[in-house]
1. Can you name every one of the helices (runs of 4 or more DSSP H) wholly within region 72-154 that holds 3 or more residues which are at pLDDT 90 or above, in contact with a helix residue (DSSP H, G or I) (Cβ under 6 Å, 6 or more places away or on another chain) and not small (Gly, Ala, Ser)?
2. Taking the conditions exactly as written (touching a Leu at 6+ places or on another chain (Cβ under 8 Å) and outside the structural domain of ILE51 (by TED's automatic domain parsing)), does THR231 satisfy them or not?
3. Tell me the residue from LEU55, LEU64 that is in contact with a helix residue (DSSP H, G or I) (Cβ under 6 Å, 6 or more places away or on another chain), surrounded by 15 or more Cβ atoms within 10 Å (Cβ to Cβ) and farther than 30 Å from THR231 by Cα, please.
4. Tally up the residues in region 207-217 that are assigned to a helix (DSSP H, G or I) and buried (at least 21 other Cβ atoms within 10 Å of the Cβ), please.
5. Which residue is nearest to LEU35 (Cα to Cα), if the candidates are limited to region 218-267 and must be free of Cβ contacts under 8 Å to residues at least 12 places away in the same chain and among the aliphatic types (A, V, I, L, M)?
6. Being outside the structural domain of MET217 (by TED's automatic domain parsing), under 24 Å from ILE5 (Cα atoms) and surrounded by 14 or more Cβ atoms within 10 Å (Cβ to Cβ) narrows it down to one of VAL127, VAL90, so name that one.
7. Test VAL68 against the stated conditions and say whether it is in contact (Cβ under 8 Å) with a residue 12 or more places away in the chain and in the same structural domain as SER46 (by TED's automatic domain parsing).
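The values are calculated or read from the model by the stated rules, or taken from the named source; none is laboratory data. On a predicted model such as this, the values are computed, not experimentally measured, just so you know. Neighbour counts are summed over all protein chains in view; Cβ atoms, including those assigned to glycine, are modelled from backbone coordinates with ideal geometry.
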Amino acid sequence: MEDIIQVCNVSFSYNGEGKKVLHDISFEVKKGEILAVIGENDSGKSTLCQILVGLIPHYITGELEGDVIIEDTKISDLSMGELATKIGLVFQNPFNQLTYTTSTVRDELAFGLGNIGVPRDEMLLRVEQMAKLMRVTEILDRNPLQLSGGQVQRVALGSCLIMNPDIVVLDECCSQLDPMGSEEIFSIINDLKERGMTIIIVDHDMERVARIADRVMVLHDSEIMKLEKTTVVFSDKSLREYAGVPDFTIMGECLEEMNLYHGPLLVREEETVSAVLASRIEEER
């Protein structure tokens, strides 16, 4: 797969702070892949997301070094309007994503389209389609400020996706959702991947990461500790001090210690269930 994003020697520190939040970060994102970013709190995950979509330095100032290149164009050469059609961000706190200028969810979803001059008929059609996808059709006429956290999270994701970006960055996009709502969102994310969208996701749920990510980046103390295929990252026990590991992987290791499983690293639910069933059959023999 070809690279759609190139991050070249990026470092950043906020104004008035000497410590770099990110230090000499370099990596590529492949077109059509899901890249998960994991790590401890304050390891630089959210700052990286803001740099990728241009919020830093367009809106958030500080000392930024290096380049981010999207489809052969430096993001520093693009306006925020131009960036919005290439890459979108869903904030960790969805309330920060509301425009606070609209009185209905319908207008909130349409806001970005209006800014780039989408014709009204097309705008209305895209709003209806996105509302159906996000399961917010029944609240289109509600005031965004009167919604629950989970509803706002869906509206925030819809406001991002309605711009039809090639890349979407999701910073803890399920933080306000219950488990069922989270599963629905991740089902949508899988659909987006099948359509060829490139997705960068920050998540603390290692089971979800293992299930959905093609590759995983581990951030620690402002630097990349590892960036590899998902199974390679979770098999590296030296990283567990800085990043979590799926429960299924721990179960697989326990089966190995009991001499009931001998095979590749287990990271996903379905393969772990198969291994457990096989171990029970082995025990009964």
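1. Working: elements: 80-84, 105-115, 120-134.
Ranges flagged: 105-115, 120-134.
2. Numbers: touching a Leu at 6+ places or on another chain (Cβ under 8 Å): yes; outside the structural domain of ILE51 (by TED's automatic domain parsing): no.
Criteria not met by THR231.
3. Values: LEU55 fails: in contact with a helix residue (DSSP H, G or I) (Cβ under 6 Å, 6 or more places away or on another chain).
None of the other options fit; the residue is LEU64.
4. First, the residues of region 207-217 that are assigned to a helix (DSSP H, G or I): 207-212.
Applying the additional criterion that residues be buried (at least 21 other Cβ atoms within 10 Å of the Cβ) yields 209-210.
Here the count works out to 2.
5. The selected residue is VAL232.
6. Working: VAL127 fails: under 24 Å from ILE5 (Cα atoms).
Criteria check complete, one pass: VAL90.
7. Working: in contact (Cβ under 8 Å) with a residue 12 or more places away in the chain: yes; in the same structural domain as SER46 (by TED's automatic domain parsing): yes.
It is true that VAL68 is in contact (Cβ under 8 Å) with a residue 12 or more places away in the chain and in the same structural domain as SER46 (by TED's automatic domain parsing).
Matching residues to (1) touching a strand residue (DSSP E or B) at 6+ places or on another chain (Cβ under 7 Å); (2) under 20 Å from ILE70 (Cα atoms):
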| site | (1), (2) |
| --- | --- |
| ARG135 | no, no |
| GLN151 | no, no |
| ASN164 | no, yes |
| GLY181 | no, no |
| MET206 | no, no |
| ASP214 | yes, yes |
